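Everything on this sheet refers to the single structure shown next.
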Amino acid sequence: MDVLFITSVAVVVADPPVSRKLFIEALGLPLEGEGNGYYSSGSIPGSKHFGLWPLSQAAEACFGTAQWPADRVVPQASIEFEVANAEAVTAAGTELQRAGFELVHQARTEPWGQTVARLLTADGLIVGISYAPSLHDLQDGRHPG
């Protein structure tokens with residue numbers, strides 16, 4: 001697997017208003033809402049994408065339901081690692097499975113164009129292998145930033 005960079009870090013939040021108070025009001029991070037409860041920014045130095053991901057949305061993304069499964073550790077955060085293309089996401093998922101890791105879902109393309117495969121660690125971290133076309137500069141083959 002050839003990880004190019006960290007795509008995203010998100011705090012998985014059980015109480016979005018309380019989390020927004022900390023991260024937006026108290027810490028002053030320039031997070032903007034996307035109209036669905038997810039707040040994020042691509043303009044925090046040192047980070048391509050930082051977000052506050054409601055637990056219900058994480059459950060939907062991982063399991064297709066708004067409720068987190070009771071038999072799974074509740075996640076505290078999500079981190080995604082970028083690879084070169086969508087095919088590399090599929091290959092990375094297979095590689096992780098061969099190494100003994102259980103994916104919560106295979107590589108799939110989300111409505112916003114990102115291809116991602118995810119697993120959940122025993123510590124409550126959602127780990128994604130990602131290809132987000134918007135983070136790649138296809139003209140010169142280098143990634144932005």
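Key figures
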item	result
With every protein chain in place, region 15-145: carbon and sulfur % of accessible area (1.4 Å)	54
Average accessible area per residue (Å²) across the chain - probe 1.4 Å, nucleic acids and ligands excluded	56
Sparsely packed GluC sites (Glu not before Pro) within region 52-106, loop by DSSP, other Cβ within 10 Å at most 16	Glu102
Student exercise, region 34-145 dipole from Lys, Arg, Asp, Glu Cβ charges, in Debye to nearest 20	80
Furthest towards positive pole of dipole, His105, Ala26, Ser47, structure part the chain, Cβ charges	Ala26
10 Å Cβ shell holding at most 16 others, DSSP loop, chymotrypsin sites (Phe, Trp or Tyr not before Pro): longest site-free stretch of the chain	1-100
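The values are calculated or read from the model by the stated rules, or taken from the named source; none is laboratory data. Note that the structure is predicted; figures quoted are calculated from it, not measured. Backbone-built Cβ (ideal geometry, glycine too); neighbour counts: all protein chains shown. Ligands, DNA and RNA are stripped out before the accessible areas are found, and what is left, the full protein with its side chains, is counted by its heavy atoms. Shrake-Rupley method; radii C 1.70, N 1.55, O 1.52, S 1.80 Å.
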